[in-house]
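A quick write-up on the structure given underneath.
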Amino acid sequence: MILGASGDLTGRLLLPGLARLIGSGKAAGIKLAGAGGPGYSQQQWVKRVTDICQASAEGATTHRKAALKAIPKHTSFTELDVTKEGELAKLVSSLEAPVALYFALPPAVTQKACEALKPGELPESTVLVMEKPFGSDQASAANLNRTLIRLVPEENIHRVDHFLGKGTVFNILGLRFANRLLEPLFTSEHVEKVEIFYDEYLALENRAGYYDSAGALRDMIQSHLLQVLALLSMYAPSTLGERDVRDHLGSVLRATAVAGEIKDSTRRARYTAGTSKGRKVPDYASEDGVDASRNTETLAEVTLAINNSRWAGTEFILRAGKALGTPRKEAVITFRPVNHLPTGFKGADLPTTLRIGFGPDTLQLDLDVNGPGDMYTLNRVTLGTELNSPDLLPYGEVLLGVLSGDPTLSVRGDTAEECWRIVDPILAAWAANEVPLQEYKAGGNGPRGWKSNSD
Ligand code: NDP
């Protein structure tokens with residue numbers, strides 16, 4: 001049951017993810033229903049589902065085409081105000097259990113809808129699927145957790161981070177823990193710094209309503225990039241069971257904090273008018289729906305430390321931003337120099353780096369070798385591969401977890417609070433203007449002098 005049937009997330013990401021999942025044969029027997037406000041109808045919903053299923057059926061086998069055709073035939077739309085006491089519970093009870101309730105609603109509406117539900121009102125098997133942002137700080141996330149846990153057990157609460165649905169991100173575990181060449185090297189003794197970038201071409205794209213009250217730190221770093229940091233730095237779990245994996249993710253995030261003083265370890269900036277990928281981008285502050293006095297950052301960089309025996313001494317630099325000239329979506333692990341380089345080698349001025357790209361999914365190891373020519377001169381070579389794109393879209397992977405009752409790819413309640421605990425002090429310092437809001441031209445690479453900018 002998708003609450004928010006007419007919404008942007010539902011049409012752009014959720015339904016296409018679901019259709020691909022059904023087309024892959026991994027969601028046999030699923031029934032889809034939608035619900036939402038009074039401006040939408042059964043007819044519009046069926047058309048939306050039909051169009052998306054049809055697009056996904058292109059090239060599918062006859063059997064899978066049939067599965068996709070069946071979905072719009074049996075789907076229904078219910079008009080309701082989810083914030084009204086009793087309405088949502090009544091709707092859930094009218095459906096065949098178990099029901100997965102996907103809250104594709106504005107965050108404030110989701111909060112109200114959950115508060116309107118009474119303990120015992122939902123069948124215990126009901127699964128609640130919560131979108132990001134999960135709260136707006138540690139206190140509100142804790143509050144939302146308390147509300148949810150009154151309704152269903154923790155393992156039935158899926159806090160979606162669609163980044164964790166990305167094949168490459170989960171591949172980090174295989175890469176780190178299945179390779180003798182890498183597993184022992186992921187410690188501060190060998191790794192100088194870990195950088196996680198999410199630089200996008202995209203600017204505001206008419207999403208001021210959401211983005212202007214979030215900003216780059218809340219939108220990307222607090223959620224997705226901290227999850228990637230945790231995957232890159234967690235101790236090896238003994239199994240891939242959800243409890244082991246999520247215990248280890250939570251444990252490393254509990255050890256994570258801003259490195260040193262916030263004014264030295266964080267940077268924020270906002271784009272001004274420019275050209276990005278051949279498109280004119282207006283000044284962020286003058287975009288429709290933006291309140292310039294909010295000082296929302298569209299580019300953020302934070303340097304974190306992991307205060308445990310494995311990582312103390314390694315810098316973790318997280319950066320995310322919009323309207324940038326060069327999209328850069330990758331994690332870069334920079335290794336320390338060798339203890340002693342035999343005297344006589346020339347050209348050894350670049351460190352060994354391992355790059356993990358997210359979309360396109362790639363893996364690259366930059367090494368120095370002698371190569372052709374002068375045998376005393378070291379040359380840079382890159383061993384690289386493009387990884388096969390996963391069969392499922394990220395939201396398909398998220399939904400597969402929901403439908404199969406496996407919460408491994410969702411964020412556990414305590415971890416969601418930890419992520420806010422890490423960024424809350426930064427948000428407070430920025431709100432108090434302790435770190436200046438810089439500017440950068442849309443289409444450029446951000447302000448100079450940041451750790452993550454080599455300019
Ligand atoms: P939209 O504003 O596009 O859609 C919100 C939906 O909620 C609409 O279908 C609206 O119905 C419905 N709704 C609002 N109030 C009520 C109510 N009281 N009762 C029933 N239905 C209601 O939001 P998005 O789809 O963009 O976002 C949904 C969630 O997904 C948010 O939490 C967002 O942060 C998250 N998200 C969104 C992404 C995106 O790219 N859009 C990406 C990642 C996360 P109606 O208009 O008919 O009243």
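Here, each number is a calculation from the coordinates, and none is a lab measurement. Fair warning: this is a prediction, and the values are worked out from it, not measured in the lab. Heads up, the Cβs are rebuilt from the backbone with ideal geometry, glycines too, and the neighbour counts pull from every protein chain shown.
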Quick calc, the chain, dipole around Cα centre from Cβ unit charges on Lys, Arg (+) and Asp, Glu (-), nearest 20 debye, gives 760 debye
Counting other Cβ atoms within 10 Å of each Cβ, which chymotrypsin sites (Phe, Trp or Tyr not before Pro) in the range 350-455 have at most 13 and sit in a DSSP loop?
TYR376
Would you kindly state how much longer the chain becomes between LYS84 and TYR210 on full extension, computed as 0.36 nm times their sequence separation minus their alpha carbon distance, in nm to one decimal?
43.0 nm
Please compute the net charge surrounding LEU128, taking Lys and Arg as +1 and Asp and Glu as -1 over other residues with Cβ under 12 Å from its Cβ.
-2
Output the relative contact order of the chain, whole-number percent, from Cα pairs under 8 angstrom with separation of 6+ residues.
19 percent
Charge tally in the Cβ shell below 15 Å around LEU253, where Lys, Arg are +1 and Asp, Glu are -1, LEU253 excluded
0
Please report, in debye to the nearest 20, how large the charge dipole of the range 380-455 is about its Cα centre when each Lys and Arg carries +1 at its beta carbon and each Asp and Glu carries -1 there.
400 debye
Which links in LYS26/LYS90; LYS26/LYS329; LYS132/LYS277; LYS26/LYS69; LYS69/LYS90; LYS263/LYS441 stretch past 18 Å when you go from one Cα to the other?
LYS26/LYS90; LYS26/LYS329; LYS132/LYS277; LYS69/LYS90; LYS263/LYS441
Of all DSSP beta bridges with both partners in the chain, the antiparallel percent, nearest 5, is 60 percent
How do THR126, THR62, THR352, THR10 rank when sorted from fewest to most other Cβ atoms within 10 Å of their own Cβ?
THR62, THR352, THR126, THR10
Between the DSSP loop rule and a limit of at most 16 other Cβ atoms within 10 Å, which GluC sites (Glu not before Pro) in the range 181-214 are left?
GLU189, GLU205
Between GLU124 and ASP291, the two model label points (7 Å from Cα along the beta-carbon direction) sit apart by a distance in nm of 4.5 nm
Could you list the trypsin sites (Lys or Arg not before Pro) in the range 159-242 that lie in coil according to DSSP, counting only those with at most 10 other Cβ atoms within 10 Å of their Cβ?
ARG180
Given axes a ≥ b ≥ c from the Cα gyration tensor, I'd like to know whether the range 279-350 is rounded (a/c under 1.5), prolate (a/b larger than b/c) or oblate.
oblate
Taking Cα centroids, how far is the range 84-133 from the range 335-398 in Å?
47 Å
